[in-house]
1. When N counts the residues of the range 25-153, how does its alpha-carbon radius of gyration compare numerically with 2.2 N^0.38 Å, as a ratio?
2. Please state the relative contact order of the range 115-237 as a whole percent: Cα pairs under 8 Å, 6+ residues apart?
3. With +1 on each Lys and Arg Cβ and -1 on each Asp and Glu Cβ, and nothing else charged, work out how big the dipole of the range 132-365 is about its Cα centre, in Debye to the nearest 20.
4. Could you tell me, in Å, what Rg and Dmax come out for the Cα atoms of the range 205-301?
5. If the elastic network links every pair of Cα atoms under 10 Å, which of Ser128, Ser273, Ser155 fluctuates the most in the Gaussian network model of the chain?
6. Given a cut-off of under 8 Å on Cα pairs at least six residues apart, what relative contact order in percent is computed for the range 132-365?
7. Lys/Arg Cβ at +1, Asp/Glu Cβ at -1, dipole of the chain taken about the Cα centre: which of Leu302, Pro180, Ser356 is farthest positive-ward?
8. Taking 8 Å as the Cα distance limit and 6 or more residues as the minimum spacing, I'd like the relative contact order of the range 2-127 as a percentage.
Amino acid sequence: MRRRIARFIGIFQTVLFLTHFLLYETWVFRAPAGRRLPAQVVFALLSVSFTTASLLAWRYTNPLLRAFYRVSAIWLGMLTFLFPAALLSWATLGIATLARSPLDFHRAVEWFFAAAVVLGIAGVVNASLTRITRTTVRLPNLPAAWRGRKAALISDLHLGHVRNGSFLRRMVAKILNEDPDAIFIAGDLYDGTAIDARRAAQPLSRLTAPHGVYFVAGNHDQFHGDSEYLHAVKAAGVRVLHNEKVEADGLQIVGVPYNNATRGEHLASALESVNLDRDRPSILLLHAPDHPEVAEAAGVSLQLSGHTHLGQFFPWNLLARRIYRQFVYGLSRIGKMQVFTSSGAGTWGPPLRLGSNPEIVVLQFE
């Protein structure tokens, strides 16, 4: 396990070195001579910033480290836009050379890099603007008591070094403002980095709903064993579902944690153990929309998930769509079962969102 982690860190850092080398060479090519040495220092420090911050964040937490992590994470997101900006700069130079047209290469680089930074800043701002997404879900055999009732779904808050208890307090206030009849938290409440789990989860104690507040663990909640996180969630008064079913006024609510659903056969076994009544509607709370065909075969009516973040920003949103297809975001259907996948309220890694919005989902049942 440690060897795999070390190998991943080595590969990741190598990619960062190469990316920063390209940015450096692009910036200093045909630039005034006085800019070369300062650029070397800046790009060298930036190339190791996120890896250093991440390694420290796994074990420590304090205001200075959280600020360092946040800045390095934003820079990591900026690289996604600066890398193609560098490529466009060289492509522009190539076209100008072939056309024998004069080009102030460094000025072109400045414009491309400035556009990349503007996109990155827009992504940071957008990631902080949580929306309320409303949708209507029609379930067969829905008990009369549930017709017209609402449920709130939130996922992927990723509490840690970028977002913490103050962020969760704002999300709790937004949820309570909607006055839902039930509240579902679909995993990745925590980011997996060092944090005072109980203190961070304390705002959840304000969440109340007539038919319960439910949580199911996501992959980040289970990185190092989930006992600390689950105890913190339970201490806040939230019902943690672990391969179990709860009856709520005629509606079956089921929760399966991420580690029990990574393989189809494991998910099938977990769902078989809860003894679903196929003649009555059911909601499955499952962090990732990985095996919807298994849940549909088990007789689930509606699956609620998160995990995908809708890719957060380009080009990762294209990768997310390729992996999760129609289940990457929003309401979709497979056989008799519906699936709603939320883009999540927080972010992982770079706190940026472009092409996806942070959200709290309000489901109205008909």
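1. 1.67
2. Answer for the range 115-237 is 25 percent.
3. Result for the range 132-365 is approximately 680 debye, rounded to the nearest 20.
4. 13.4, 39
5. With Cα springs under 10 Å in the chain, the top fluctuation among Ser128, Ser273, Ser155 is at Ser273.
6. On the way: 555 pairs, mean separation 58.6, N = 234.
Over the range 132-365, the number comes to 25 percent.
7. Working it through, the farthest residue towards the positive pole turns out to be Ser356.
8. About 27 percent, as a whole number.
Every number in this text was worked out from the coordinates using simple rules, so none of it is lab data. This is a predicted model, so every value here is computed, not measured. Ideal geometry is used to build each Cβ from the backbone, glycine not excepted, and the neighbour counts take in all protein chains shown.
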